[in-house]
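Here the structure is laid out as structure tokens; the discussion comes afterwards.
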Amino acid sequence: MKKIFYTSLYLIFTIVCSAQNPIIQTKYTADPAPLVHNDTVFLYTSHDENDAFGFKMLNWMLYSSTDMVNWTDHGIIAGVSEPYKTFAWADGHSAWAPQCIARNGKFYLYCPTIHQGKMAIGVAVAHSPYGPFVDAIGKPLVFRANHGDYDPTVFIDEDGQAYMYWGGNGPCYYAKLNEDMISISGDIQVASIDFTGTPPEAAFTEGPWIWRKKNHYYLAYASRCCPEGIGYARSDSPTGPWKCMGTIMDPDDRSSGNHPGIIDYKGNSYVFGFNYAILKQTLSKHNERRSICAMKMTYNEDGTIQKLPWWAETTLSQIGTLNLYNKTEAETMAYSEGITTESATEWERNIPWDKGKKIADRLYVTSIHNGDYIKVQGVDFSNGADSVEVSVASLYGGIIEIHTDKTDGPVIAIVDINTSGEGDIWKTLSAPVSKVSGVHDLYFVFKGEKDLFNFDWWKFSK
């Protein structure tokens, strides 16, 4: 059954190969929650299952980037069902929109899910942005039997006070968090948002995201369902009152939903959200299989935000270049066609407060067929390269053609995967590299018959 799905996914990706958005193609992802830490963007996401019709979401995933175009898949970092069940009290389904924030050397992941048939918000903690995340308090942080208690966003102000906003299909709620980040200080309040003079498509629906820019506080959110755009409000205080300023992105019939995540990174501002572009290439019926997008965002001199068109199919500008001499995970890509990613093995977490659940210790690219490819953007060959190494586990064998700048561009190396039937044995193979200089996009184009091989990492050498 797995290979049947992968084949259908290949048909989807062959149609949309020219677009940078959505930025993740190997899985259906939604509800982007970007976190900037140590010059890296960590993108926490919810995950629509491959067979989802409604909201079928069992885990949370992580991607990272240092250049805003090449994204590395880190797999599942928490979930609500085995073998990744983070919260014992969760009903085992509905891993909705999360957000992660760092404080005092720890990382706190705020997760909405179902408890006793009602929405609840849990909090998990880790010592690394990559996890593993474990339940911090053994019970929900917020549970009021209120169907609107979902989509949390967390913000720490300059004075050290932390706030959590959340809510959907009703008012927007907020509360102060104690410094421990796992308990609420005082009462839960309703945010006061003045919508006077703003269009109806700017109205609050769900998915708030709070941040500060200069002397203003901003509250963005998915606006007026359905379809949803991205509205935003502004205040001089993190507790409001808020004044709606309009929309960052108007609703569009191409997508019933949206969900903002907004960051500043290396001198630019970015807004993340999602659409249904990959799903709709082959299916006309609406299903909840979403795909995360990103665009550069610009502020006006008065602090208002310039309106963006619907998730444009244009490439984001790359920040810097990729070092070809570093070992690069094969699941790092700017775009792909046909392939997906998978976990190889699992290992015990071996943390005193954990109950022995397992997580994957190896991620790799799989479901590789003839003509599939991976695009890696902006690789710097200024110092040259003599050879390339790849780590693969062969199924039926095949070759990797490494092209520059397009799928049928100049071939600089051909790696022969000349063994078969060793899908669980990882080998490092190498090939000479033709003379190449300057900065190029690389296309790893796969050739052969049947299921070719699994692909773990690559590296160039001089």
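The values are calculated or read from the model by the stated rules, or taken from the named source; none is laboratory data. Because the structure is a prediction, the values reported are computed rather than measured. Glycine gets a Cβ as well: all are built from the backbone with ideal geometry, and neighbour counts include every protein chain shown.
At a glance:
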{"item": "Candidates G75, G131 - the one that is assigned to a loop (DSSP other than H, G, I, E, B), surrounded by 21 or more Cβ atoms within 10 Å (Cβ to Cβ), in contact with a strand residue (DSSP E or B) (Cβ under 9 Å, 6 or more places away or on another chain) and at pLDDT below 95", "result": "G131"}
{"item": "Residue that is surrounded by the most Cβ atoms within 10 Å (Cβ to Cβ) [pool: residues in the range 377-431 that are of a type in the set (D, E, K, R) and assigned to a strand (DSSP E or B)]", "result": "E401"}
{"item": "Single unsatisfied condition, I182 versus (1) within 21 Å of L141 (Cα to Cα); (2) under 26 Å from the mean Cα position of the chain (by Cα); (3) modelled with pLDDT under 95", "result": "(3)"}
{"item": "Test for D159: is it in a loop (DSSP other than H, G, I, E, B), out of contact with any Leu (no Cβ under 9 Å at 6 or more places or on another chain), among the charged types (D, E, K, R) and in contact (Cβ under 8 Å) with a residue 12 or more places away in the chain", "result": "no"}
{"item": "Residues being surrounded by 13 or more Cβ atoms within 10 Å (Cβ to Cβ), of a type in the set (S, T, Y) and assigned to a loop (DSSP other than H, G, I, E, B) - total across the range 299-323", "result": "3"}
{"item": "One residue from D372, D408 being farther than 18 Å from S437 by Cβ and touching a helix residue (DSSP H, G or I) at 6+ places or on another chain (Cβ under 8 Å)", "result": "D372"}
{"item": "Residues (under 26 Å from the mean Cα position of the chain (by Cα) and either touching a residue at least 60 places away in the same chain (Cβ under 8 Å) or in a loop (DSSP other than H, G, I, E, B) (or both)) located in the range 163-179", "result": "Y163, G167, N169, C172, Y174"}
{"item": "Residues located in the range 261-282, provided they are part of a strand (DSSP E or B) and at pLDDT 95 or above", "result": "G261, I262, I263, D264, Y265, N268, S269, Y270, V271, F272"}
{"item": "Hey, G240 of a type in the set (G, A, S), touching a Phe, Trp or Tyr at 6+ places or on another chain (Cβ under 9 Å), more than 21 Å from P112 (Cβ to Cβ) and part of a loop (DSSP other than H, G, I, E, B) or not", "result": "yes"}
{"item": "In the range 185-210, the residues that are more than 19 Å from A120 (Cβ to Cβ), charged (D, E, K, R) and either assigned to a loop (DSSP other than H, G, I, E, B) or at pLDDT below 95 (or both)", "result": "E201"}
{"item": "Of all residues making up the range 382-402, the number that are farther than 21 Å from N454 by Cβ and either free of Cβ contacts under 8 Å to residues at least 60 places away in the same chain or aromatic (F, W, Y) (or both)", "result": "1"}
{"item": "Candidate set: the range 432-462, residues that are polar (S, T, N, Q) and part of a loop (DSSP other than H, G, I, E, B); chosen: the one nearest to N323 (Cα to Cα)", "result": "S437"}
{"item": "I188 vs. criteria touching a Phe, Trp or Tyr at 6+ places or on another chain (Cβ under 7 Å), under 23 Å from R103 (Cβ atoms) and β-branched (V, I, T)", "result": "yes"}
{"item": "Residue within the range 233-255 that is surrounded by fewer than 21 Cβ atoms within 10 Å (Cβ to Cβ), in contact with a Cys (Cβ under 8 Å, 6 or more places away or on another chain) and under 23 Å from W96 (Cβ atoms) present", "result": "no"}
{"item": "Residue in the range 303-312 that is under 30 Å from V439 (Cβ atoms), under 21 Å from the mean Cα position of the chain (by Cα) and modelled with pLDDT under 80 present", "result": "yes"}
